[in-house]
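*Asks:* My questions will all concern the structure given below.
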Amino acid sequence: MQIIEKELNNLDKHILDSLIDNKNQIADDISDYLKAKSKRLRPAFVFLFSKAMSIEVDEKIYSLACAVELVHNSTLVHDDIIDNADTRRGKISLNYKLGNGLSVLAGDILLAIALKHLVNCQNLDAVKIFSDAIHEMCKGEINQNFTIGKLPSMEEYIKKSERKTAELFKAPLDSLCKIKNIKEVERINSFAKNFGIAFQIKDDLLNILETDKTKPIMSDIHNGIYTAPVLYLSEDVKNLEELNELDIIKLIQADKKYVQRTVNLIKEYADRAIESIDFVEENEYKKKIVTITQNLYKAGISG
């Protein structure tokens, strides 16, 4: 992301320096994990919104960006343990490399370092915002565990997507508003909520279309987790829960309407996100935010 390349490079340095300051026997493994290619979208939005609104990217902003990236990676480490995943970002997952016990601790270390960065923001509101977000994410995961193999309503699915994903897009931007006294906090939170929901639906669709090779393929249906394309299919197929995962995949891939309806749903939430930030003056940083959001439904979807 060239427009904020300097900021993202500095972010990586800040994160790796914090690992050096908290050296332990698995620090190198954690460092390698963090160096793997990733989108860095959550901290990227912190930088893009700051610059779009002419806010200086100072040490508090970097601390906030580090905090959200480390919290995100902590949740991924723990997710891989829960899902028994063997890969992450095209590499061997930490749980397969270190075992579940040490991987739990690795995720905890990332969370602990994230909290240190959050304290450096010197804003109690930000600490509460992140605490609430992590709590909501945990509730989302717990609820998902107790509904495995059951078809949720679309409303339940959207709420789960908000808890699992949108909360961690909202937390850093909400915190940014508190740290820098930005008045349009509700509008920015609306962007984050709707972007996060659209992002999760897109991720779920790619899981079914087998286009994201850096993650376990078709893992959702295999694990009894039914997402938007499956919910649309269930309107036409009775007793869908009785079908095996390959039959469900074939039915979705055979009829383009299930994919298209899912893309339309992504677009609905992405458009809401863009509409939420119409108060931001037009500049190259806002344009990048809009492009990233539109790409959720314009790019990378086939099948």
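What follows draws every value from the coordinates through simple rules; no lab data is involved. Because the structure is predicted, anything quoted here is derived from the model rather than measured. Please note: Cβ atoms are built from the backbone with ideal geometry, for glycine as well, and neighbour counts cover all protein chains shown.
*Asks:* Summing +1 for each Lys or Arg and -1 for each Asp or Glu, what net charge is found among the other residues whose Cβ lies under 15 Å from the Cβ of ASP271?
*Replies:* Every neighbour counted, the sum reads +3.
*Asks:* Given a Förster distance of 22 Å, report the FRET efficiency between LYS23 and VAL127 from their Cβ-Cβ distance, rounded to the nearest 0.05.
*Replies:* It comes out at approximately 0.30.
*Asks:* How much length would be gained if the chain were fully extended between ILE55 and LYS6, taking 0.36 nm per residue of separation minus their Cα-Cα distance, in nm to one decimal?
*Replies:* Gain in length upon complete extension: 16.1 nm.
*Asks:* Continuing with the same structure: Estimate the FRET efficiency between LEU105 and ALA299 by the formula 1/(1 + (r/R0)^6), using the beta-carbon distance for r and 25 Å for R0, to the nearest 0.05.
*Replies:* E between LEU105 and ALA299, to the nearest 0.05, is 0.10.
*Asks:* Another one. Put +1 on the Cβ of every Lys and Arg and -1 on every Asp and Glu Cβ in the chain; which of ASN24, ASN120, SER219 then has its Cα farthest towards the positive end of the dipole?
*Replies:* Towards the positive end, the residue furthest out is ASN120.
*Asks:* Looking at this model, which pairs from LYS97/LYS128; LYS13/LYS288; LYS183/LYS256; LYS164/LYS250; LYS202/LYS286; LYS116/LYS160 are more than 32 angstrom apart at the alpha-carbon?
*Replies:* Pairs exceeding the cut-off: LYS97/LYS128; LYS183/LYS256.
*Asks:* Roughly how many debye, to the nearest 20, is the charge dipole of the chain about its Cα centre, given +1 on each Lys and Arg Cβ, -1 on each Asp and Glu Cβ, and no other charges?
*Replies:* 460
*Asks:* Next question. Step through the residues of the stretch 153-166 one at a time and calculate ³J(HN,Hα) from phi using the Karplus curve (6.51 cos²θ - 1.76 cosθ + 1.60, θ = phi - 60°), rounding each to whole Hz and writing x for Gly and Pro.
*Replies:* Once rounded to whole Hz, the list reads 6, 4, 4, 5, 5, 5, 5, 4, 5, 5, 5, 5, 10, 5.
*Asks:* Can you give the Rg/Rh ratio of the stretch 139-283, where Rg is from the C-alpha atoms and Rh is the Kirkwood radius?
*Replies:* So for the stretch 139-283, dividing Rg by the Kirkwood Rh gives 1.03.
*Asks:* With the radius of gyration and the Kirkwood radius both derived from the Cα set of the stretch 1-124, what is their ratio Rg to Rh?
*Replies:* We get a ratio of 0.98 for the stretch 1-124.
*Asks:* On full extension of the chain, what length is gained from LYS257 through LYS159, given 0.36 nm per residue of separation minus the C-alpha to C-alpha distance?
*Replies:* 32.9 nm
*Asks:* Now a separate question. Residue farthest toward the positive end of the dipole of the chain, with Cβ of Lys/Arg at +1 and Asp/Glu at -1: which of ILE197, PHE130, ALA65?
*Replies:* Most positive-ward Cα: ALA65.
*Asks:* If contacts are Cα pairs under 8 angstrom and at least 6 residues apart, what is the relative contact order of the stretch 24-88 in percent?
*Replies:* Normalised by residue count, the contact order of the stretch 24-88 is 29 percent.
*Asks:* Just to be sure I understand: with springs between alpha-carbon atoms less than 10 Å apart, which residue in LEU94, LEU34, LEU48 has the highest mean-square fluctuation in the Gaussian network model of the chain?
*Replies:* Residue with maximal mean-square fluctuation among LEU94, LEU34, LEU48: LEU34.
*Asks:* Then there is this: Out of these labelled values of semi-axes √(5λ) of the Cα gyration tensor in Å, [x] 31, 24, 17; [y] 45, 21, 19; [z] 26, 22, 19, which was calculated from the coordinates shown here?
*Replies:* [x]
*Asks:* What does the charge add up to near ASN22, with Lys and Arg as +1, Asp and Glu as -1, over the other residues with Cβ less than 14 Å from its Cβ?
*Replies:* Net local charge, ASN22 excluded: -3.
*Asks:* Rank ALA171, ALA65, ALA27 by mean-square fluctuation in a GNM of the chain with C-alpha springs under 10 angstrom and give only the top-ranked residue.
*Replies:* ALA27
*Asks:* Separation of the stretch 5-19 and the stretch 70-122 by C-alpha centroid, Å?
*Replies:* Using only Cα atoms, the two centres lie 18 Å from each other.
*Asks:* Turning to a different aspect of this structure: From the phi angles alone, apply the Karplus equation (6.51, -1.76, 1.60; θ = phi - 60°) to the stretch 7-23 and give each ³J(HN,Hα) in whole Hz, x where the residue is Gly or Pro.
*Replies:* With the stated coefficients, the stretch 7-23 comes to 5, 5, 5, 5, 4, 4, 5, 4, 5, 5, 4, 5, 5, 4, 5, 10, 4 Hz.
*Asks:* While we're here: What share of Cα pairs, in percent, lie more than 15 angstrom apart in the stretch 103-143?
*Replies:* In whole percent, the long-distance tail amounts to 52.
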